[in-house]
């Protein structure tokens, strides 16, 4: 895993720490979100698996080190820094909430405690992979909620911001509750069920729609899903039904999905195919899904692409990675920002979850029975602690965690008042003490 996949200033700071004799000083950073995106009442944590893989395997190659030596920003850097990069490893600690945990503003998704240089360099990668997957998992959870028990499948790789983003979007969407993806690499890499049969080009490549359907059924048998709106949707449904069982169902990709799904359902039932499913696709999002469900459209599954793989209505959430503690030969110092709209709280924290509310506190604090401490050790002194759940396990945990949330938080619209988060007295006192010192 290349350590060069980062912002330049992470590396210039690392060089500065080295030159100032600070590289081995211990620092604690927290990754969290200051505020929720539009119409979000919680975020669903995702991306921990990739964060762990990065920290366990991050390295600088000789070629990368030579590249850095040639940059003008490193002209005055001591050669010992580049030698240190050759042996660069993450030897620190990582604490994180399990993937699939609902979180709220100011609550750490993960905490890194490591020698200063080791804690600084991973910032860009951690923000990118955790931030992106958390966005998509949250978006998927909203769509699954809107679907009201109907299946949602992720179809967004072709519209994702890069092919690899499509893979991670598929993983995050599955974690958020989708039953599968169209992305075959994500299917192989993470054990996610894959879906898909044929596009309009398949239909157009044959002289008639009926022949295209026949050939597809010969190929896929009971797994066949006929795309029926290339020419005439209702006639397409009749042709698909005329071929008889077994087949999975049909897909609608355009038109008035409420009226068409009702008419197609009648055609399938009258042809003796009541078990055949109807899937809807075509620029869907959670609000359109909610409307279709509210109208009673007989749709069994929704395939969602662009809106899901890009979280298009809320494509960012401003995740940050901030130092909260720093230890040197002079002792431990608690750090915070007090700038307007960007203030932070000092000291490493723990999230204590009670039924209906959270308490954000210092890590050493103990609370009464009935709460759950969410941040857990994942890497200690550079070594993985225990096994992390796979994508299926994280998906199950997410489903259970979302189900425990108050119903109002699962709404597609912002609820008022928002979820309650209390700050412990010790944490508030520490913040006041640090503010007084910084003045």
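Just so you know, all these numbers are worked out from the coordinates, no wet-lab data involved. Predicted, not measured: the structure shown is a model, and the values here were computed from it. Here Cβ is always computed from backbone atoms with ideal geometry, including for glycine, and neighbour counts include all displayed protein chains.
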Work out, step by step, the length gained on full extension between residue 338 and residue 381: first 0.36 nm times the residue separation, then minus their alpha carbon distance; give nm to one decimal. 12.3 nm
Calculate the FRET efficiency for residue 214 and residue 234 from the Cβ-Cβ distance with a Förster distance of 30 Å, rounded to the nearest 0.05. 0.95
Would you mind calculating the relative contact order of the range 1-156 from Cα pairs under 8 angstrom and at least 6 residues apart, reporting the percent as a whole number? 40
For Cα Rg over 2.2 N^0.38 Å, several values are listed as [x] 1.15; [y] 0.97; [z] 1.01; flag the one computed from this structure. [x]
For the chain, calculated [θ]222 nm from helices alone, where every DSSP H run of n ≥ 4 adds -39500 (n - 2.57): -11500 deg cm²/dmol
Ranked from fewest to most other Cβ atoms within 10 Å of their own Cβ, 93, 416, 269 fall in the order 416, 269, 93
In nm, the gap between the two label points placed 7 Å beyond Cα toward Cβ at residue 75 and residue 56 is 4.3
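So for the range 196-281, averaging the separation of alpha carbon pairs under 8 Å that are six or more residues apart and normalising by length, what relative contact order in percent results?
That works out to 27 percent.
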Going by average Cβ density within 10 Å per residue, which order do the peptides 94-107, 169-182 take, highest to lowest? 169-182, 94-107
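Please work out the FRET efficiency for the pair residue 222 and residue 426, using the Cβ-Cβ distance as r and a Förster radius of 56 Å; give the result to the nearest 0.05.
E(calc), rounded to 0.05, equals 0.35.
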Which order, highest average first, do 231-242, 417-428, 131-142 follow once you tally other Cβ atoms within 10 Å for each residue and take the mean per peptide? 131-142, 231-242, 417-428
So for the chain, averaging the separation of alpha carbon pairs under 8 Å that are six or more residues apart and normalising by length, what relative contact order in percent results? 22
Please compute the length gained on full extension between residue 330 and residue 312, using 0.36 nm multiplied by the number of residues separating them and subtracting their Cα-Cα distance. 1.7 nm
With a ≥ b ≥ c taken as the square roots of the eigenvalues of the C-alpha gyration tensor of the range 109-162, please select rounded if a/c is under 1.5 and otherwise prolate if a/b is larger than b/c or oblate if it is not? oblate
How far is it, in nm, from the label point at residue 9 to the one at residue 397 when both lie 7 Å from their Cα along the line to the Cβ? 3.3
Please give the Cα centre distance for the range 36-55 versus the range 341-378, rounded to the nearest Å. 17
Ranked by how many other beta carbons lie within 10 Å on average, peptides 343-351, 21-29 from highest: 343-351, 21-29
For the range 255-300 and the range 70-138, compute the distance between their C-alpha centroids and round to whole Å. 45
